[in-house]
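Novice: First the structure, which I've put down as structure tokens, then a few questions once you've had a look.
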Amino acid sequence: MISLTIDGREIQVPRGTTLLTACRQAGADIPTLCYDPDLRLAGSCRMCVVEVKGRRNLVAGCVTPAENNMVVETESPDVVESRKIILELLLARHKLTCHTCESDGSCKLQDYCYRYGVTDSRFTGEFHDGPHFSKEDANPFIKRDYDKCIMCTRCVRACEEITGAQAINVMNRGHHAKIATIFDGNLEDSPCVFCGQCIMVCPVGALTSKVAAGKGKSYQTEKVLTTCTYCGTGCTLELNVKDDKVVGVTSVRDENWSPVNRGALCVKGRFGWDFINSSDRLTTPLIRENGELRPASWDEALDFTAAKIKEIKGEHGPDSLAMFSSARVTNEENYLAQKLMRAAIGTNNVDHCARL
Amino acid sequence: MANYKDIINSCREKRGGIIEAFHALQAEYNYIPQDALVEAARVFGVSEAQAYGVATFYSYLSVENRGKYIIRMCESAPCHVAGADAVIRAIENYLDIKVGETTADGKFTIELCECIGQCQATPVITINSQPVFNVTPEKVPEILDACK
Amino acid sequence: MAEELRVLLQYADQINPESADDYVKVGGYKGLEKARSMDRKALIDEVKKSGLRGRGGAGFNAGMKWSFVPQDAPIKYVVCNLDEGEPGTYKDRIICEKNAQALLEGMAICGTAISSKQGYIYCRGEYPFVVELLKNAIKSAKASGALGDFDIEVRMGAGAYVCGEETALIESIEGHRGEPRFKPPFPGVEGLWAAPTVVNNVETFACLPNILANGAEWFAGIGATRYPGTKIVTLTGDIENATYFEVPTNVTLRDVIFTLGGGVKNGKKFKAVQVGGTSGAFIPEQNLDTQIDFDSMGSIGAALGSGAVFVLDETRDIVDVVTRISKFFEHESCGKCNPCREGTFRLREIMEKVNAGRGTTQDMDNLLLLSKVMQKAALCGLGQAAPIPIESTIKHFRYEYLRKI
Ligand SMILES: Cc1cc2nc3c(=O)[nH]c(=O)nc-3n(C[C@H](O)[C@H](O)[C@H](O)COP(=O)(O)O)c2cc1C
Ligand code: SF4
Ligand code: SF4
Ligand code: SF4
Ligand code: FES
């Protein structure tokens with residue numbers, strides 16, 4: 001263990017701890033933009049800078065190891081000034097349209113500007129002619145508005161390290177740098193699998209869901225934790241509910257709440273939820289009578305099916321029946337399905353869609 | 001013309017050598033053609049997006065076709081005070097294109113660059129990386145006419 | 001005192017730089033022989049004792065840097081920084097063109113000290129002919145057996161000033177975008193392909209053969225005590241003798257400019273000099289009697305840097321020159337960190353505005369504020385140094401700005 005003083009408080013941390021972790025342990029709220037606990041460190045946004053006594057420059061907390069006897073200040077005048085100027089620099093090239101932004105209320109840039117009272121930027125330039133990075137991308141899922149990008153590269157790292165798709169990277173350099181696929185093309189023509197992990201990690205409104213667009217800001221929706229029904233993996237997801245309607249899906253990254261997927265989802269889980277409130281959706285079983293479908297209760301439908309199965313088995317034997325089960329149900333349910341076929345009906349004719 | 005696959009393969013033994021491969025490709029084509037970029041990514045085991053990121057990071061690499069002769073004008077401070085601005089204007093006028101453009105016949109491309117380390121003889125330009133010293137606006141036509 | 005002292009360039013133009021045999025004839029590869037006969041620790045101590053400090057800009061004690069390399073690591077690398085991107089600098093090219101074998105020998109000495117078998121020279125893309133020269137020199141040295149089992153490979157950069165920063169350089173050798181890494185870990189512990197790596201400048205390596213052959217005391221006795229040895233300086237701008245000189249590190253700037261350099265061109269008066277390349281401070285007349293060594297330059301708020309000496313005469317418009325310099329940094333910022341990616345862009349924007357006569361005193365305040373934050377918060381030396389030319393000229397030549405406002 002080493003000990004250091006943070007904002008006048010002495011604390012002990014194990015050797016190898018970063019200053020960011022140590023500061024948070026000491027109760028200091030350090031702002032971060034590029035830092036993501038699940039991703040490779042970047043140390044690039046410089047929002048987490050703190051002052052270490054005896055050092056000429058400020059140091060980035062997220063990548064600087066705590067050292068014995070360090071004396072650290074997390075909100076010194078220089079620290080606050082640097083953070084404010086960094087925010088101003090980001091605002092100077094930002095398409096600041098919070099009122100219509102999907103991330104309004106869940107945006108780190110907005111939060112930190114609020115926290116440090118940064119209303120405006122003195123660096124917008126004479127002609128207000130910032131770079132224009134916005135990207136028209138015709139895919140149905142992910143909106144890429146790089147006029148709001150703060151170049152934290154979390155999306156790049158998530159795409160590589162969580163999903164493994166490596167669809168995007170930084171292109172160009174300096175002020176012209178931006179996030180792009182090969183040849184700055186569309187996601188559809190890249191190895192992108194539309195899992196939306198990039199949206200999950202983006203700290204601002206540069207990457208948003210097209211499916212949920214305009215349906216409700218984060219503070220207007222209630223979050224309901226549930227398990228995704230698309231497959232048996234059992235990913236935890238969060239239904240965003242507004243006026244009793246599902247208007248979006250997000251995920252939680254906390255392992256305690258999302259032990260299976262820690263926030264990662266696939267295209268179906270993250271974007272394929274509009275069926276829930278669809279008028280085309282079946283909400284009761286239907287029984288076909290004289291070529292017409294009519295609504296029925298579950299009891300009636302199950303009784304009807306059981307009777308039919310018995311009838312077929314009586315007439316043609318158990319091997320005339322087969323069960324084709326789905327990857328959307330759990331292992332336990334699949335186990336029961338084969339049990340039903342083998343023990344109750346007496347056939348080995350059972351298969352599963354994931355085998356095809 | 002050498003096949004881009006052979007060019008890339010000639011560098012594959014060099015660990016992390018994708019930039020060397022890009023140089024070799026540019027020696028043949030003056031830029032990195034799209035198919036070659038994709039192939040280089042495959043050979044060096046990096047994602048296509050990353051290979052593109054590398055190719056667009058370095059100012060000597062280009063993913064767009066360029067002229068047969070790439071004229072680079074050094075703009076750094078020593079050349080600047082020695083009159084680089086006048087030289088670049090003379091080049092632009094003579095070729096009737098702007099910086100960043102290629103002549104219609106595909107012969108010349110003009111680019112700006114930073115110090116090329118020949119500051120004993122400012123202002124300096126390079127033609128396909130060969131430095132030309134003490135350039136003046138008056139000398140521009142002669143220098144460019146020598147490019148066949 | 002204002003005379004050249006040629007150590008690295010003693011045999012310039014008398015030997016073929018590519019030929020190991022030529023080099024051996026003038027006493028070459030004796031230092032390496034000596035190094036190989038020494039215990040590794042003693043070798044590192046000898047280099048430490050010589051007081052040799054990095055010639056690439058940061059002025060770190062070379063032996064000290066080597067001593068951080070963990071001995072137990074199975075693979076280590078020696079990397080030579082021949083990126084030489086600092087405008088107005090071409091001394092590393094001169095060393096290669098005049099005495100390439102000394103560089104190879106220096107790298108092999110370092111290899112001996114840290115027990116590395118593999119060296120890389122990262123040569124800037126602007127010097128394809130130096131790449132060829134070095135490849136031939138390596139071939140010759142390998143054929144002569146002088147390098148033993150130490151191998152050297154040359155890699156070529158592709159036009160990125162930031163790749164002179166040691167970690168960006170390492171990224172570039174690995175085939176990546178040349179974006180600096182955060183430190184620690186330092187390259188000595190985790191460098192090229194995560195192996196311990198010593199990165200030194202060409203001139204630093206080239207000093208080593210003589211240090212070993214003549215002894216640490218000999219070297220420590222040349223020039224300034226705390227930054228001993230010679231330094232190759234390159235004179236540019238409004239100077240009579242726009243060329244290079246090898247001088248002991250205790251000469252003064254005035255001697256460099258007025259004695260060796262022959263004074264300001266065309267008999268004009270001196271206005272300012274920028275030392276160390278484009279990222280250096282501009283120095284006014286009253287500070288010219290400072291020695292060029294690292295610490296003396298530091299004491300007047302300047303830096304020896306790469307040893308470039310860029311002179312401006314009385315007629316020059318400093319604001320215009322600094323505007324051009326701000327463009328350089330905008331063009332060369334890698335874009336990784338916010339203060340530099342956005343800061344260099346805005347500095348250039350404001351400088352252009354001021355230079356065009358549309359600036360206000362508010363703009364000058366903004367320049368200074370941005371300068372301070374970039375120096376304090378940028379990730380690497382590029383963003384930290386980018387505002388220095390602006391800050392130093394606002395300090396020493398404020399009237400030139402005010403005249404345009
Ligand atoms: C932006 C930037 C550019 C640099 N360019 C060079 C360079 O061109 N050559 C060089 O030797 N060092 C350069 N350096 C310094 C290197 O990072 C490193 O300190 C040096 O190569 C170490 O060698 P030395 O100890 O022998 O000086 C640069 C540093 C920065 C921050
Ligand atoms: S990304 Fe954040 S700061 Fe930008 S418009 Fe959206 S909510 Fe506002
Ligand atoms: S799109 Fe979002 S996650 Fe990606 S770099 Fe920009 S701000 Fe960061
Ligand atoms: S200071 Fe500039 S060059 Fe250095 S990492 Fe930041 S953006 Fe890149
Ligand atoms: S959070 Fe530390 S640099 Fe971005």
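Novice: Using only protein heavy atoms and a 1.4 Å probe, how much accessible area in total is buried between C and B, to the nearest 100 Å²?
Specialist: Chain pair C/B: roughly 3200 Å² of buried accessible area.
Novice: Along its principal axes, what span do the Cα atoms of the protein assembly as shown show, with the longest given first and each in whole Å?
Specialist: So the extents along the principal axes, rounded to whole Å, are 113, 70, 65.
Novice: Sorting check: for B:137-147, C:346-356, C:180-190, which peptide has the highest mean count of neighbouring beta carbons within 10 Å, and how do the rest follow?
Specialist: Top of the packing list down: C:346-356, C:180-190, B:137-147.
Novice: May I pose another question? Among the GluC sites (Glu not before Pro) within segment A:54-144, which fall in a DSSP loop and have no more than 15 other Cβ atoms within 10 Å of their own Cβ?
Specialist: A:Glu67, A:Glu75, A:Glu126, A:Glu136
Novice: Could you tell me which of rounded, prolate or oblate describes segment A:137-183, using a ≥ b ≥ c as the square roots of the eigenvalues of the alpha-carbon gyration tensor, with rounded for a/c under 1.5 and, failing that, prolate when a/b is larger than b/c and oblate otherwise?
Specialist: Oblate is the answer for segment A:137-183, as a/c is 1.5 or above yet b/c matches or exceeds a/b.
Novice: OK, next. Find the all-direction average of the projected area of the Cα convex hull for chain B, expressing the result in square nanometres with one decimal place.
Specialist: Mean projected area of the Cα convex hull: 9.3 nm².
Novice: By how many nm would the segment from C:Lys268 to C:Met38 lengthen if fully extended, with 0.36 nm per residue of separation less the alpha-carbon distance?
Specialist: Separation in residues times 0.36 nm, less the Cα-Cα distance, equals 77.4 nm.
Novice: To the nearest 10 square angstrom, how much accessible area does C:Asp293 have with a 1.4 angstrom probe?
Specialist: Looks like 10 Å² after rounding.
Novice: Take segment A:269-356, drop everything but the C-alpha atoms, weight them equally and run the Debye formula without solvent; then report log10 I(q)/I(0) at 0.18 Å⁻¹ to two decimals.
Specialist: With one equal scatterer per Cα and no solvent, log10 I(q)/I(0) is -1.06.
Novice: Partner chain Cβ atoms within 10 Å, averaged over the residues of C:181-189 - can you pull that number for me?
Specialist: 2
Novice: Further question on the same structure: Arranged from highest to lowest average of other beta-carbon atoms within 10 Å per residue, in what order do the peptides C:382-389, A:327-334 appear?
Specialist: Taking the mean over residues of other Cβ atoms within 10 Å, the ranking is C:382-389, A:327-334.
Novice: Treat each spin label as a single point 7 Å out from the Cα along the C-beta direction, and report the A:His352 to B:Arg12 distance in nm.
Specialist: Between A:His352 and B:Arg12, the label points sit 4.0 nm apart.
Novice: How large is the Rg to Rh ratio of chain C when both quantities use alpha carbon positions and Rh follows Kirkwood?
Specialist: Here the Rg-to-Rh quotient is 0.98.
Novice: Residues in segment C:221-241, backbone N under 17 Å from the label point at A:Arg56 (7 Å along the Cα-to-beta-carbon vector): list them, ranges by number please.
Specialist: Counting only backbone N, you get C:227.
Novice: Over the Cα atoms of chain A, Rg to Rh with Kirkwood Rh, two decimal places?
Specialist: Value, to two decimals: 1.10.
Novice: Hey, got the Cα dimensions of segment B:69-145 along the principal axes, in Å, largest first?
Specialist: Result, largest extent first: 34, 21, 18 Å.
Novice: ³J(HN,Hα) across segment A:246-253 via Karplus (A = 6.51, B = -1.76, C = 1.60, θ = phi - 60°), whole Hz, x for Gly/Pro?
Specialist: Per residue, the Karplus-derived 3J(HN,Hα) values read 6, 10, x, 10, 10, 9, 10, 9 Hz.
Novice: Could you calculate the FRET efficiency of A:Lys223 with C:Gln362 from 1/(1 + (r/R0)^6), where r is the beta carbon distance between them and R0 is 30 Å, rounded to 0.05?
Specialist: Efficiency for this residue pair is about 0.05.
Novice: Just tell me how shielded A:40-51 is by partners: mean number of partner chain Cβ atoms within 10 Å of each residue's Cβ, no decimals.
Specialist: 4
Novice: For A:Asp104 and C:Asp295, what does the FRET efficiency come to when R0 = 45 Å and r is the distance between their Cβ atoms, rounded to the nearest 0.05?
Specialist: For R0 = 45 Å, the calculated efficiency reads 0.25.
Novice: So, one more: Scaled to the compact-protein estimate 2.2 N^0.38 Å, what is the alpha-carbon radius of gyration of segment B:4-57, rounded to two decimal places?
Specialist: Here the answer is 0.95, to two decimals.
Novice: R0 = 35 Å: FRET efficiency of A:Asn186 with A:Glu67, Cβ-based, nearest 0.05?
Specialist: E(calc), rounded to 0.05, equals 0.15.
Novice: Would you calculate a helix-derived [θ] at 222 nm for chain A, using -39,500 (n - 2.57) for each DSSP H run of n ≥ 4 and dividing by the full residue count, to the nearest 500?
Specialist: After summing the helix terms and dividing by residue count, I get -6000 deg cm²/dmol.
Novice: Please compute the Cα-Cα pair-distance distribution of segment C:318-404 with 5 Å bins starting at 0, giving whole percents from short to long.
Specialist: 3, 17, 30, 26, 15, 7, 1, 0
Novice: How shielded is B:57-65 by partner chains, expressed as the average number of their Cβ atoms within 10 Å of its Cβ atoms?
Specialist: 6
Novice: Continuing with the same structure: Using square roots of five times the C-alpha gyration tensor eigenvalues, list the equivalent-ellipsoid semi-axes of segment A:2-75 in whole Å, biggest first.
Specialist: Taking √(5λ) for each eigenvalue gives 18, 13, 11 Å, largest first.
Novice: Taking only DSSP H segments of four or more residues, each worth -39500 (n - 2.57), what value at 222 nm results for chain B once the sum is divided by all its residues, to the nearest 500 deg cm²/dmol?
Specialist: The helix contribution divided over chain B gives -11500 deg cm²/dmol.
Novice: Tell me, what is the percent relative contact order of chain A, built from C-alpha pairs under 8 Å that lie six or more residues apart?
Specialist: Dividing the mean separation by the residue count of chain A yields 10 percent.
Novice: Mind giving me the nanometre distance, one decimal, between the label points for A:Asn290 and C:Gln286, set 7 Å out from Cα along Cα→Cβ?
Specialist: 10.9 nm
Novice: For A:Ile2, which sequence-distant residues (separation of 5 or more, or a different chain) have an amide H within less than 5 Å of its own amide H, given hydrogens modelled in the peptide plane?
Specialist: A:Val13, A:Arg15
Novice: Also, I was wondering about something else. Report the normalised scattering of segment A:218-277 as log10 I(q)/I(0) at q = 0.19, 0.23, 0.25 Å⁻¹, calculated by the Debye formula with identical scatterers on the alpha carbons.
Specialist: Normalising to I(0) and taking log10 leaves -0.62, -0.89, -1.03.
Novice: Between A:Leu336 and A:Trp298, what is the spin-label point distance in nm, taking each point 7 Å from the Cα along the Cα→C-beta axis?
Specialist: Using points 7 Å along Cα→Cβ, the separation is 1.0 nm.
Novice: Please tell me the relative contact order of segment B:1-114 in percent, rounded to the nearest whole number, where contacts are Cα pairs under 8 Å and at least six residues apart.
Specialist: Answer for segment B:1-114 is 21 percent.
Novice: At q = 0.15, 0.16, 0.17 Å⁻¹, what log₁₀ I(q)/I(0) does segment C:1-96 have when each alpha carbon counts as one equal point scatterer in the Debye sum?
Specialist: The computed values of log10 I(q)/I(0) come out as -0.89, -1.01, -1.13.
Novice: Which of the lysines could a cross-linker span from C:Lys372 if the Cα-Cα distance has to be under 22 Å and same-chain partners fewer than 8 positions apart are dropped?
Specialist: Of all the lysines, those that pass the test against C:Lys372 - Cα under 22 Å, at least 8 places apart if same chain - are A:Lys53, A:Lys84, C:Lys183, C:Lys327, C:Lys336, C:Lys353, C:Lys395.
Novice: To continue, here is another question. Order B:64-77, B:26-39, B:112-125, C:312-325 from most to least packed using the mean count of other Cβ atoms within 10 Å.
Specialist: B:112-125, B:64-77, C:312-325, B:26-39
Novice: Relative contact order of segment B:4-57, please, whole-number percent, based on alpha carbon pairs below 8 angstrom and at least 6 residues apart.
Specialist: The normalised contact order for segment B:4-57 reaches 35 percent.
Novice: Once phi is turned into ³J(HN,Hα) by the Karplus curve 6.51 cos²θ - 1.76 cosθ + 1.60 with θ = phi - 60°, what whole-Hz value does each residue of segment B:70-87 show in order, with x for glycine and proline?
Specialist: Each residue's phi maps through the Karplus curve to give 9, 9, 10, 9, 6, 10, 5, 3, x, 6, 4, 6, 8, x, 4, 4, 5, 5 Hz.
The values are calculated or read from the model by the stated rules, or taken from the named source; none is laboratory data. All values derive from a computational prediction rather than experimental measurement. In this analysis, Cβ positions are derived from the backbone assuming ideal geometry, glycine residues included, and neighbour counts consider all displayed protein chains. These accessible areas exclude ligands, DNA and RNA; they are computed on the full protein's heavy atoms, side chains included. Shrake-Rupley method; radii C 1.70, N 1.55, O 1.52, S 1.80 Å.
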